[in-house]
Amino acid sequence: EAKSKKGAGYRVYDATMNLKVMKKVELEAEARVALRESQFSLALQPQIDLRTNELIGFEALLRWYHPVKGTISPAEFIPSLENTSFMLELDYWVIAKATYLIRELNANGYPNVKLAINLSAGQFLDPSLPDFLQQQIIRNDISPSQVCLELTETVLVTDIERATSIMRTIRDMGCTLAIDDFGTGYSSLSYLKSLPADFIKIDRSFVANIVENADDRNIVHSTIAMVRKMGLIVVAEGIETAEQFEMLCHFDCQMGQGYLISRPIPEPDIWTTLSKNVHMGIWDSTRSNE
Ligand code: C2E
Ligand code: MG
Ligand code: MG
Ligand code: MG
């Protein structure tokens, strides 16, 4: 695409480059407009029980459909928006939207599914988070156990005591917590034992190499064993091949998600995809990714 516009000089760059060179304030301004104009939505990636293929729930992943730049990945805009006042606004929009989607899922024949919501560092430490979450749960008449909040290790290590206390509050409400991208942070394993979490998500950078790389395989294998011994549920992310799936099963990993099972489902496709792929609560991977 960029090639065809050759000659337009410095203005030739693709959508992602455009975004990277954009100043933080410009991006923030553009994102504000985007939220008003409904350019954001949530894609849902199925999370299944690896042994039974039961559909446990979904991870809600933010999508920005820009009218000119096309789909912009959250990996592109979330880091730049982090610590802006708009990030908090967007985060709360995500919670409102996700809890509304749970209501819709309940009403459409998926009454017990969980939705995992990614939190930014700023939102997790924001004093209004527990009340807002509670409010949305009541408003949408859903069970708090259907809401899982995903936190990264970096969020936790900044202020472990404060983080632990917020986690307790959220769990007392009946929601669950997942530690996302586990293994990529700088934290020690010992902090895990005091952490009130329910799920540990093994980062996909480890999963990607378990078949070929003995070190990654050993890390994943022993992480699964350790996390299970602590009574937590292990979720493997980024499962792309049948070999990875089988190895994780063999290591007794309870849950997983990844392109092999399903790509994140864009919001407009949710109902047709679910009716095609879910039969009596079981996810049929052979029918996805068609
Ligand atoms: P994450 O929470 O670790 O999400 C997993 C990412 O891996 C997602 O990227 C997902 O689309 C991708 N993925 C899933 N399965 C596979 C696979 O088999 N192979 C590969 N290569 N990738 C896979 P995505 O949607 O681009 O999101 C990137 C990150 O942006 C997320 O990482 C999360 O940290 C952040 N994010 C996404 N949605 C939100 C949100 O609503 N709020 C906040 N604060 N952050 C979000
Ligand atoms: Mg996540
Ligand atoms: Mg993750
Ligand atoms: Mg990750």
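The values are calculated or read from the model by the stated rules, or taken from the named source; none is laboratory data. For clarity, every value in this text was computed on a predicted model and none was experimentally measured. Neighbour counts are summed over all protein chains in view; Cβ atoms, including those assigned to glycine, are modelled from backbone coordinates with ideal geometry. To get the accessible areas, we keep the full protein, side chains included, count just its heavy atoms, and leave off ligands, DNA and RNA. Shrake-Rupley method; radii C 1.70, N 1.55, O 1.52, S 1.80 Å.
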> Filter the stretch 179-202 for residues that are at pLDDT 95 or above and of a type in the set (D, E, K, R); which is most open to solvent (accessible area, probe 1.4 Å)?
Replying inline: ASP198
> So which residues in the stretch 239-277 are farther than 25 Å from THR71 by Cβ and surrounded by 19 or more Cβ atoms within 10 Å (Cβ to Cβ), if there are any at all?
Replying inline: GLN244, PHE245, MET247, LEU248, PHE251, CYS253, GLN254, MET255
>> Here is a list: PHE40, PHE77, PHE86, PHE124. Which entry is over 14 Å from the mean Cα position of the chain (by Cα), closer than 21 Å to GLU153 by Cα and more than 16 Å from ligand 3 (Cβ to nearest atom)?
In response: PHE77
>> Here is a check on your reading of the model: is ASP216 of a type in the set (Asp, Glu) and part of a loop (DSSP other than H, G, I, E, B)?
In response: no
> Where residues in the stretch 143-163 are open to solvent by less than 20 Å² (accessible area, probe 1.4 Å) and out of contact with any strand residue (DSSP E or B) (no Cβ under 7 Å at 6 or more places or on another chain), which of them is nearest to ligand 4 (Cβ to nearest atom)?
Replying inline: VAL155
> Is it fair to say GLU153 is charged (D, E, K, R), within 14 Å of ligand 3 (Cβ to nearest atom) and over 15 Å from ALA116 (Cβ atoms)?
Replying inline: yes
>> Taking the criterion of being within 17 Å of the chain's Cα centre (by Cα), within 16 Å of ligand 4 (Cβ to nearest atom), at pLDDT 95 or above and buried (at least 20 other Cβ atoms within 10 Å of the Cβ), would at least one residue in the stretch 207-216 satisfy it?
In response: yes
>> List the residue pairs whose Cβ atoms are under 7 Å apart, where the first residue sits in the stretch 216-234 and is within 12 Å of PHE199 (Cβ to Cβ), the second is of a type in the set (Lys, Arg), and the two are 6 or more positions apart or on different chains.
In response: MET230/LYS193; VAL234/ARG228
> Could you list, in sequence order, the residues of the stretch 171-180 that are of a type outside the set (Asp, Glu) and more than 16 Å from ligand 2 (Cβ to nearest atom)?
Replying inline: ARG171, MET173, GLY174
